[in-house]
Amino acid sequence: MKLSRPVSWFLLAFGVWSWVVWTTFAKNLWKDGSGLAFDDGKPTAYFWVHLTLAIVSFLLGTAIGVIGLRGVRAHRAAARTGGGTDEREPASRERESA
C-alpha cells in the first residue's frame, strides 16, 4: 500500500504531537501534588492507569509516526530517482495503457 504525501506528513505530525502531549502529561502526572497520583508517597490506581495510558499512547504514536516517516522518505526517494509520484492504483494504470 502506498501512502499519499499528505497522509504521510499527517501521520508523522501525529506521531510527533503524540510524543509532545504525552511527555508533558507524564511529567505532570509524576509531579502531581493533588493527592490523586500519590497517597503518602505511594502510587495510587489513578497513577497506574494513567501511566499505562501514557505508555500505550507513546507506543501507538511511535508506530504511527514511523509509518508516516517511511511514507515521507519513500516520496523523497522517488522524487530524487525520478520514479515519479503516481499514486493511482496499479490496475488503473494498466487500463490506461491497454
Non-local residues with an amide H under 5 Å from the amide H of F38, with H modelled 1.01 Å from N and Pro and chain starts lacking one, are T44
Note the full-extension length gain between F25 and V7 as 0.36 nm times their separation in residues minus their Cα-Cα distance, in nm to one decimal.
-> 3.8 nm
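What does the charge count near S8 come to, summing +1 for each Lys or Arg and -1 for each Asp or Glu among other residues with Cβ under 9 Å from its Cβ? Mind showing how you got there, number by number?
On the way: positive: R5, R70, R73; negative: none.
Result for the local shell: +3.
Length gain on complete extension for the stretch D32 to V56, per 0.36 nm per residue less the alpha carbon to alpha carbon distance? Could you put the intermediate results ahead of the total?
Details: separation 24, 0.36 × 24 = 8.64 nm, distance 2.02 nm.
Full extension of this stretch gives 6.6 nm more.
Readers should treat all values here as calculations from the given coordinates under stated rules, not as data from a laboratory. All figures in this text were calculated on a predicted structure; none of them were measured in a lab. Neighbour counts run over all protein chains shown; Cβ positions are idealised from the backbone, glycine included.
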